[in-house]
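*Asks:* Here it is, the structure in full.
The values are calculated or read from the model by the stated rules, or taken from the named source; none is laboratory data. No experiment lies behind these values; they were computed from the predicted model shown. Quick reminder, even Gly has a Cβ in these numbers, built from the backbone with ideal geometry, and neighbours come from all protein chains shown. Protein only, heavy atoms only, side chains kept; ligands, DNA and RNA dropped before computing areas. Shrake-Rupley method; radii C 1.70, N 1.55, O 1.52, S 1.80 Å.
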Amino acid sequence: MRRLGRPLAWACLITAILISLFPLYWMLRTAITPGRELATDSAGLLPRHPTLFNFQRVLGLASREETRAAGGSGANLDFFLYLRNSVVYTGVITVVQTLACAMAGYAFARLRFRGRDALFGLFVAALMVPPIFTLLPSFVLVKELGWLNTYQGLVAPSLLMTPFAVFFLRQFFLGIPRDVEQAAYIDGAGKWTVFWRVVMPMTKGPLLTLALTTAVWTWNDYLWPLLVAPGEQTRVLTAALGIFLKQSPNTAPDWTGLMAGSALSVIPVLLLLVFFGRRLVDSIQFSGMKG
C-alpha cells in the first residue's frame, strides 16, 4: 500500500496542476488562433494555423482594414496607455499600503495607547464586511470630492490599509522577541529607529508576501476602476479589456483579440512572481520562519 501511495500522490498533484493551468493554456491557444479559423475549429487542442497577428493588432501594430480582413472586429485597444495606468494604480497601492499596514500592525503589537484593543477589534470586525457593501459609499465620496477619472480617485479607498493586512502583520510582530528591541533601546535607539532598522529587516518575508498579494489583487481589480475611472486617460487594463469586448459586434465577439490582450496583461504579474519568488524564499529563511 505504501508503494502505491507515492505514485498516487504524484498523479493527483500532476492532475491538479494540469487542471489549474488548462484555462491559461486555452487563453494562449485562442490568442494564437486566426479569427476566421476560431469559428470553424474552436474545439481543437492546437490551432491549425497559429499566428501572432492577434498580438500585433492588440498592440496597435495593425490597421483596422488588416484586422477585419483577418477576422477581427476592428475594435481599438491603446494597450500601452492602459498598461501604464495599471502599473501606476498597482504600484502606488502596493507600496503605500504595505508600508502603512506595517506601521499600523507594529503600533497594535508594541505600542500602548488608550483604546488600542477596542480599535483593533474594529479592524478585525471589518473583516466580516463584504467589500461590495463599501463600494457605493466609496464611489459617492470620490464623486463628491471631484475625483472621478483621476488617479487619486482610483487609489483612495485602498491606499492606506486593509483590515486583513494589519491583522496579518500584527500577528507576526507579536512573535518577534522583545529582547531584540530592548537591546536596541539600551543602545540609544528610538522607537522609529527600532522599527526601521531592527524590526523591518526581520519581517521581509511577511512584507513581501503581503506586497505580492496586494499587487496581484490590485492588478486584477475590475469593478472599482471601471466605476471611478472609465475615461480614456485613466482607464486600467482590466477595464479596457471589458470595453474592448463590448466594442465587438454582438453576433461575433472578438475572442481572439480579447485573449491576446488578456495574455499580455498576465505577463507583468508572472514577471513579478518570478522575480520576487526567490527573494521571498530567501527572506523567509532569513527572518526565521523556516520550519
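*Asks:* Specify the residue that is farthest from Asp254 (Cα to Cα); the eligible residues are those in segment 1-19 that are modelled with pLDDT under 90 and small (Gly, Ala, Ser).
*Replies:* Gly5
*Asks:* If only one of Gly153, Gly175, Gly205 is open to solvent by less than 30 Å² (accessible area, probe 1.4 Å), among the small types (Gly, Ala, Ser) and closer than 20 Å to Phe108 by Cα, which one is it?
*Replies:* Exactly one of Gly153, Gly175, Gly205 is open to solvent by less than 30 Å² (accessible area, probe 1.4 Å), among the small types (Gly, Ala, Ser) and closer than 20 Å to Phe108 by Cα, namely Gly205.
*Asks:* Further question on the same structure: Can you give me the number of residues within segment 140-168 that are part of a helix (DSSP H, G or I) and under 19 Å from the mean Cα position of the chain (by Cα)?
*Replies:* 13
*Asks:* A further question follows. Just need a number here: residues in segment 103-139 that are farther than 30 Å from Leu227 by Cβ, in a helix (DSSP H, G or I) and not aliphatic (A, V, I, L, M). Step through it out loud before you land on a result.
*Replies:* The initial filter retains those residues of segment 103-139 that are farther than 30 Å from Leu227 by Cβ, namely 106-118, 120-121.
With the extra rule that they be in a helix (DSSP H, G or I), the set shrinks to 106-110, 116-118, 120-121.
Next cut, not aliphatic (A, V, I, L, M) only: 106, 108, 110, 116-117, 120-121.
Count: 7.
*Asks:* Related question: Sort through Thr193, Thr218 and tell me the only one that's open to solvent by less than 50 Å² (accessible area, probe 1.4 Å), part of a helix (DSSP H, G or I) and among the polar types (S, T, N, Q).
*Replies:* Step by step, each of Thr193, Thr218 is checked, and only Thr218 is open to solvent by less than 50 Å² (accessible area, probe 1.4 Å), part of a helix (DSSP H, G or I) and among the polar types (S, T, N, Q).
*Asks:* Are any residues in segment 8-34 open to solvent by 60 Å² or more (accessible area, probe 1.4 Å) and touching a helix residue (DSSP H, G or I) at 6+ places or on another chain (Cβ under 8 Å), and if so, which ones?
*Replies:* Hits for segment 8-34 are Leu24, Leu28.
*Asks:* Of the residues Val124, Val87, which is open to solvent by 50 Å² or more (accessible area, probe 1.4 Å), more than 18 Å from the chain's Cα centre (by Cα) and not charged (D, E, K, R)?
*Replies:* Values: Val87 fails: more than 18 Å from the chain's Cα centre (by Cα).
It is Val124.
*Asks:* Another question, then. Tally up the residues in segment 156-167 that are in contact with a Leu (Cβ under 7 Å, 6 or more places away or on another chain) and either surrounded by fewer than 17 Cβ atoms within 10 Å (Cβ to Cβ) or on the phi > 0 side of the Ramachandran plot (or both), please.
*Replies:* Qualifying residue count, segment 156-167: 1.
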